[in-house]
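Worksheet: the structure to be examined is printed underneath.
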Amino acid sequence: MTARRPRRATNTLVRRQATPKERQLIHLLANLGCSLVRYGMEHANTKGIISAPERKSLAEHHNLRLQQIRRIERSLEPVATLKRVYFRSELSPRNLKSLKLLWVDEDNKSRVKRVAPELDEILSEALDQGDTLKQIFHITEVGERQFALTLEKGKVPLWVKEWEESEYEIDFFPPSFSAWANIVDD
């Protein structure tokens, strides 16, 4: 009588595919790295002499890439979450009983703010787009996502809207970014 040994399962790691947002983040990081290498190469070859408009353009592109990377990071790991409470008998989005915004402050304390259930869609979109906590609070006060050309408290920069409308085109440079960044070459 021969006893068979049970076959041992091979522990192979299954490779997870990157989500579209993760792919976008990887692409932006690679783009920023290539841009920095190009800038360094130009700097080395021209012995530190790059024209002022070219310096400003490079600085704006670097700044844009960093801002885009931060937004995508926040959209992958939102600054807050929404807790939905439905009426007992009906589980449809139209019948929300209450909506709470949950976040963690600087002191690592959990905070909760009750918001109007009508803001569910707007807040979900804002959190998915990578808005900051100040922008989220502004939305809860005003009731809509507002955009501004220059830096204004609580408002989302206009260049973000332009970038969203371009369907997050990597090579797209939003026309209003220069006004928002306000980079001065001195």
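The values are calculated or read from the model by the stated rules, or taken from the named source; none is laboratory data. Small disclaimer: the values here were computed from a predicted structure and weren't measured. Cβ coordinates were reconstructed from backbone atoms using ideal geometry, including for glycine residues, and neighbour counts include every protein chain displayed. Note: areas computed on protein heavy atoms with side chains; ligands, DNA, RNA excluded. Shrake-Rupley method; radii C 1.70, N 1.55, O 1.52, S 1.80 Å.
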Inset, instruction - Read phi for every residue in region 63-68 and hand back ³J(HN,Hα) as whole Hz from Karplus 6.51 cos²θ - 1.76 cosθ + 1.60, θ = phi - 60°, with x for Gly and Pro. - result: 4, 4, 4, 5, 5, 5
Inset, instruction - Only Cα pairs under 8 Å and at least 6 apart count here; give the relative contact order of region 45-151 as a rounded whole percent. - result: 24
Legend entry - Hz values of 3J(HN,Hα) by residue in region 167-172 - Karplus curve (6.51, -1.76, 1.60), Gly and Pro given as x: 6, 6, 4, 5, 8, 7
Inset, instruction - Send over a whole-number figure in Å² for the accessible area per residue of region 59-133, probe 1.4 Å. - result: 63
Inset, instruction - Give me the number: length gained by fully extending residue 42 to residue 19, i.e. 0.36 nm times residue separation minus the C-alpha to C-alpha distance, one decimal in nm. - result: 4.8 nm
Legend entry - Inter-part distance where region 112-186 and region 57-89 are each reduced to a Cα centre, Å: 9
Inset, instruction - Give me the lysines in straight-line cross-link reach of residue 21: C-alpha distance below 27 Å, same-chain residues under 8 apart excluded. - result: 83, 100, 134, 153, 155, 161
Inset, instruction - Treat every Asp and Glu Cβ in region 133-186 as -1 and every Lys and Arg Cβ as +1, leave all other atoms uncharged, and give the resulting dipole magnitude about the Cα centre to the nearest 20 debye. - result: 380
Inset, instruction - Provide Rg over Rh for region 60-186; use the alpha carbon set for both Rg and the Kirkwood Rh (inverse mean inverse pair distance). - result: 1.03
Inset, instruction - Would you please name the GluC sites (Glu not before Pro) within region 96-152 that are DSSP coil residues with at most 12 other C-beta atoms within 10 Å of their C-beta? - result: 106, 144
